[in-house]
Each structure stands twice: as C-alpha cells, then as structure tokens.
Amino acid sequence: MPRRRTTVGLVALALVVLAAGGTALAIGLRPPEVSMPQLVPQPVSITTLDGDPFELTGESRILVDGGGSDAVGEHLAATFRVSTGYQLPVVEMADATTDAAPPGPHDITLAVAPGSAPAGHEQEGYALSTAATGARLTADTAEGLFRGVQTLRQLFPAAIESRERVDALGTRWAAASVDIDDYPRFAYRGAMLDVARHFFDVADVKRYIDDIALLKTNHLHLHLTDDQGWRIEIDGWPKLTEIGGSSSVNDERGGFYTKADYAEIVAYAQQRFITVVPEIDLPGHTNAALAAYPELTCTGQAPPLYTGIEVGFSTVCINSEETYRFVSDVVRQMAAMTPGPYLHLGGDESLSTPEADFVRFIERVTTDAAQTGKTIIGWHEMGAATAMPKGTIGQYWSFTRPQDGAEDDTITFVRNGGQVILSPADVAYLDMVYETGTEFGQAWAQGPTSVRESYGWKPTRIIDGVGEEEILGIEAPIWTETMHRMQDVEYMAFPRLASVMEIAWSPKAEHDQHDFEAFAPRVVAFSERLEAAGIGYHRAPDLPWTDAAQ
Ligand code: TNX
C-alpha cells in the first residue's frame, strides 16, 4: 500500500529523489519519468501517491466489468491504440478471471459498480486510482466511467493524444500514481455551435463533439436555424432546406442536415454521453424560413436570402394560423428525432415582433411544444411571457452585470418552477475576440474576453434569486458569423472552453471564487494535449506558455 502524500511539494521532492536514485541503476531499469498531474477540470479530490507510476505497455489490457463498460473501454482503447501502437485488447472481466488472468500491473480496469460515487452524484461521479499495481476506474454508470476516462487520459504524457503513432525512441506511457474522487458541480455543462451562420458538416460536428468531450461537456446545443440559413430537413416543408439552406454569411457555404445526418450526429454524441439540444429560433431570426415560405410573413412577400450579420429584423407572422401549423410540424419532428429531453425554441432578439405579439406567440408555442413531452428551453427574453409550461428553462445571455431587464426576464423562469442555464456573453461567449486584433470574432459583449476573464466569474453572483439550486448549468456558445472552418471554431473555443467547463464542473470555492493563478498552468498543460491531437487553440498572452507547448 503506497503511502499517501497530499502536499504537492513533498511529492515533487519524492520524484526528484526517485529520479536521482534512478541514475545509479543500470540503464533500462529506471522508472519512467512522470510529471505531476495537471487536470482540467480540477477534480473534487486528488491524492498523489509516492509509489512508482502506472505504466501502459504492449502487454496492457483494458478490462471491462458490467453496465456498458465495454463500449467505454472500446472508446478508450481506440484513442490510445493510435498513439501507442499497442493492441490494448478490451476483455470482459469475467473472461479475464476465468482465463486465470486477473488484472495485472499494466492493465486498466473499468468497472460499473453501485456505490462508486457519493450519494447524489451517481450519474457522472467516478473514482480513479492509478499505481504501479494497475489502474482502476469505477463508477455507478457507464457515463461516469466515460467522464473518468477523460481524467485518466490527462494523467499520461500529452503525446498520448497524438492522432498518429508516436515512434520517439524511449517513449514510455506512464501515469502518476493518484487517487481521485470526482463528480460535477452542475448537471448541465454545454457547448453551443451555430451551424446557421456558417454551415458545418457532419464530420466537423463530430470533431467538435470529440473536442468538447475532453472537458467533460455533456450537452451540445445546435443552433440549427437563423436568418442566414435553415439547416435541418423537415418533412412536408422541403423548401426550408432547398432554399433556406442554400445561404450563409457572405454566401460562403450553405448546407443542411438530412434526418439521417442528424441521427448520425445524435448517435455519435450519445456514444460520448453528450446530449444534443436542438434549437429552432423563433419568432425572430427566421429570414431563411421566410425566404422559403412567404406565407409565413404577414405580407405574403418572400424576403431575399440574407448573408449579412445584422440581427433583429425578421419575424414570422404572429396572427396567422399558417405560422402555428408550421411551428407545430417543426417542433413535432424535432422532438421525434431527438432522444434528449430538451427542445430549444430561441426567442432572442425578436426586435421586429411587437411585445404583446411576442408574448402571445411564446405562450402558445411553448405550450404546444411541451405536448411532445420535451422540456422547453428559451433565451432569457422568453421570460417576458409568464404563462409558459411549468419548468421551462431560461438561458441567460446578458452580462455578468445584467442589462436591459435580463434579470427580470430570467427570474420569470425560476418563479415558474424552471431552472436557468448561464451563458453570460462577456465571459462565456466563445465568439468574442480574445484581445484586440485576434483573427476571428466580435467584440460587442463589453470588448475582448481574455482567458483570465473567461475564468474570473461567479455563477451564483449574477442574478439575485438565481443561486446554486436555480442553476441547471452553464453553457459556452460559439456564434459563427466570423468563422468559416472547424479549425477557426477550435481556435476560438480553446482554451476558453476549459475556463467555462471548469467553472461548471469543479467544486464551488469559498465565495464562488476561482483562482486563475492555479488554473493557468493546468490550461497550458491541457493545450499541449490539444497540440498533440492537432486541435486548434489560441496561445493567449495571459497564460504562462512554456517551450513544450510550442
Ligand atoms: C447575439 S446572444 C445573438 C446571436 C449572435 C451573437 C453574436 C443571442 C441569443 N443572440 O444572434 O450571433 O450575438 O455574438
């Protein structure tokens, strides 16, 4: 049983002693060097042990035990096989033991076992221990295992994330010896991708799903419709995609998902324990739909397709039954093709819908949409309507200091028995420039958003009456007016998504305060992993970059 040391300083000393002792040994017997774990998001508890590290070798197996652990094991194996070149067979534990091959020192065991996570945290909690005697990850659910696998990956050298085989001489895949207990602070941790302003194809979306999964993100909100494009096939309304799907900002790249494409995205996300939240933005942000079906306008005139980046000029006709037939069709089909519990109906910036009409429209369509059994989400402006289905969720996107009645609108959801998703634009909008002059992005949300700013905010201190219990979670949106390729999206997302997901996952500190100085080196280490994986990121000037992360 290795002795436990909880102070980082003592462990660092132990490693130095270990390394110095190693020089006296014959070459080849030296234990592999390991660095101190640098984890994002920071787990609830981590104890570093002073024994030798766990080492993955050509003999290693991934032993799986119960409850969907096999799929998680296959996922982990597929990731590590690429860089290590090892076979990493995935073996059912029952088979391993009957074959008289119990877990060996180089094996990774993934077990679903009740009671692994503390009460109340069964869904995503996990326990992980690594030592020279083996690596063992346990959770109450396969989902918990999957979250724990993201932590396990971060214990190995960054090169393990390489998308090609690493042949460097003497590479040893060692993970520091640790005991970790972990579970999330908030149940909903989201990333939003705007596929309407620029279209991103299925392969791009899958790539982003893999990217965000690294940070334990568990929801992908797809902003499927806007003035510049309608991106989802709806039976009976073919022109939505034929015409409405053809445009984009600057007319650079239109496109849409067929129902089969959407199913493929949803399934891919599900395998990574990520729930897709589809958004159909109503009643504004609808120019693409109006260009396709002029009967949805009050004049009956089709507006031209729109390729600019203004907002707030379009609205469906509120006093026409045709509008409600349209919304009802769309909502029912979206509900039918979405296994997740949520349907997002937008409601933001409906500046050309008269206020009384807006309220009437929102009350009617949210009530109708709730008939599908889904929980409705709306941007906070929807809170101007009070008679929404009970439990409707509000997504707050004003600033960390609320502006323009956003606070009152948001409180409506809480009064109505719903919770709130926080996306304060000045800190959580990943489409804001990092600093003046960075290549992509806008600056309307109180100017640039540095990594430090994206980390320096307190979820419970934004809106009076919206505390820990009222917050369902946190989401970081990316609006893609200025982004054309997935590489551009990644550059904007990383490393700031790490800030937002750490606030969403890691335990609340005193006064809900987050310590940037402690976070910054961990983000640099995480960025080395992005670098190894070929994922785009920005070398933001407020982080302590080292040469290793070139
Ligand atoms: C505001 S925030 C929007 C989007 C834009 C974004 C650009 C919100 C709910 N709506 O329509 O794309 O700003 O940053």
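Observations, loosely collected:
- For the set 206/239; 390/508; 206/508; 216/508, the pairs lying more than 24 angstrom apart at their alpha carbons are 206/239; 390/508; 206/508.
- Net length gained if the chain between residue 171 and residue 355 were fully extended (0.36 nm per residue, minus Cα distance): 59.8 nm
- Taking θ as phi - 60° and the Karplus parameters 6.51, -1.76 and 1.60, the scalar couplings of the stretch 131-142 work out to 6, 5, 8, x, 10, 9, 10, 10, 7, 6, 9, 5 Hz in sequence order, x denoting glycine and proline.
- Per residue, in Å², the accessible surface of the stretch 97-184 once ligands and nucleic acids are set aside, probe 1.4 Å: 39 Å²
- Highest-first arrangement of 444-452, 123-131, where packing means the average Cβ count within 10 Å: 123-131, 444-452
- In this Cβ point-charge picture (+1 for Lys and Arg, -1 for Asp and Glu), the stretch 86-231 has a dipole of about 300 debye about its Cα centre.
- In summary, the aspartates and glutamates within cross-link reach of residue 458, defined as a Cα separation below 15 angstrom excluding same-chain residues under 8 places away, comprise 426, 468, 469, 470, 475, 502, 510, 512, 515.
- Split the accessible area of the stretch 434-473 by element, probe 1.4 Å, and carbon with sulfur accounts for 44%.
- Helix-only [θ]222 nm of the chain, DSSP H runs n ≥ 4, -39500 (n - 2.57) each, per residue, nearest 500: -9500 deg cm²/dmol
- Translational D in µm²/s for the chain (Stokes-Einstein at 25 °C, 0.890 mPa s, Kirkwood Rh from C-alpha pairs): 100 µm²/s
- The heavy atoms of residue 252 present about 90 square angstrom of accessible area, all protein chains included, probe 1.4 Å.
The values are calculated or read from the model by the stated rules, or taken from the named source; none is laboratory data. Nothing here was measured: the structure is a model prediction, and the numbers come from that model. Virtual Cβ from ideal backbone geometry, glycine too; neighbours counted across all protein chains shown. For the accessible areas, the whole protein counts, side chains as well, though only heavy atoms, and no ligand, DNA or RNA atoms are used. Shrake-Rupley method; radii C 1.70, N 1.55, O 1.52, S 1.80 Å.
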